[in-house]
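Worksheet for the structure shown next.
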Amino acid sequence: MRYVAFLRAINTGNRRVTNEALVACFESMGLDDVFGFLASGNVAFTTERQVDDLEPEIEAVLEERLGYEVPSFIRTGSQVARIAEAHPFDTEHLARSEGRVQVAVLRDEHSMDASLSSIDIPEDDRVIVDGREMYWLPNKGISDSTLDVGAVESAIGPMTIRTQRTFSRLAAKLG
């Protein structure tokens, strides 16, 4: 089975690591066909092992090797393709927005109403929670949005964010 680990806070700030170093970490765990995608902590691999046990193992190995916590979020190749093909926002909102669709990969499943009811979502931004993903369409770029990502994370737990385009490109590479 093909999987992708989405690693949080790789190549941001002082946390610099090459894809080669990440691949070596994953190969040391006995995972096969490992490759890094882009330089932002996306690592694809195959394994016959139970995936439920892999997130904590990946986190432990990366913390030991890199010296800092690296929250990890695993999705199957078919889940990556589903995220890439999702159309969470209507054409009108997409046309009005200057931003790109962002996808927050979450640890657990959530519903929109229960998870973000206490969060102040900017009027011009759109946010949809669908299971273990949160789709966010900022009106402009993410750095121009006033959405409090820290408050979102406090409400729904750990996450890492990629553009939907990254999922599309990764799905194409996975075949």
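In the chain, helical runs assigned H by DSSP with n ≥ 4 each contribute -39500 (n - 2.57); averaged across all residues and rounded to the nearest 500, the mean residue ellipticity at 222 nm is -10000 deg cm²/dmol. Its Cα centre serving as origin, the range 2-80 has a Cβ charge dipole (Lys and Arg +1, Asp and Glu -1) of approximately 400 debye. Modelled label positions at R169 and I128, each set 7 Å beyond Cα in the direction of Cβ, lie 2.4 nm from each other.
Annotation for the range 121-175: GluC sites (Glu not before Pro) lying in DSSP loop with at most 15 further Cβ atoms inside 10 Å of their Cβ are E123.
For the range 36-117, the list of GluC sites (Glu not before Pro) that fall in a loop by DSSP and count at most 14 other C-beta atoms within 10 angstrom reads E48, E69, E98.
The residues S145, S72, when put in order of fewest to most other Cβ atoms within 10 Å, stand as S145, S72. Exposure proxy shown here: for T91, T18, the number of other Cβ atoms within 10 Å sets the order, fewest to most, as T91, T18. Taking 0.36 nm per residue of separation and subtracting the current Cα-Cα distance, fully stretching the chain between V51 and L94 would add 12.0 nm.
In the chain, a dipole from Cβ-located charges (positive for Lys and Arg, negative for Asp and Glu) runs towards its positive end, and of T18, I161, Q50 it is T18 whose Cα lies farthest in that direction.
Annotation note: chymotrypsin sites (Phe, Trp or Tyr not before Pro) in the range 62-108 located in DSSP loop regions with a Cβ neighbour count of at most 14 within 10 Å are Y68. With Cβ to Cβ distances under 12 Å as the rule, what net charge do the other residues near E109 carry (K, R +1; D, E -1)? Spelling it out: positives minus negatives among the neighbours equals -1. Computed over neighbours whose Cβ is under 11 Å from that of I156, the net charge equals -2, Lys and Arg +1, Asp and Glu -1. Enter the Cα centre distance for the pair the range 145-175 and the range 37-116, rounded to the nearest angstrom. One Cα centre to the other: 6 Å. Using a Gaussian network model of the chain in which every pair of alpha carbons under 10 angstrom is joined by a spring, one finds that among V61, V129, V34 the greatest mean-square fluctuation is at V61.
Residues T12, T166, T47, arranged from fewest to most other Cβ atoms within 10 angstrom of their Cβ, appear as T12, T47, T166. For the chain, the alpha carbon convex hull comes to 115 Å³ per residue, rounded to a whole number.
All of the numbers you see were taken from the coordinates with simple rules; none came from a lab. All values reported here derive from a predicted model rather than from experimental measurement. All Cβ positions, even for glycine, are placed from backbone atoms using ideal geometry, and neighbour counts span all protein chains on display.
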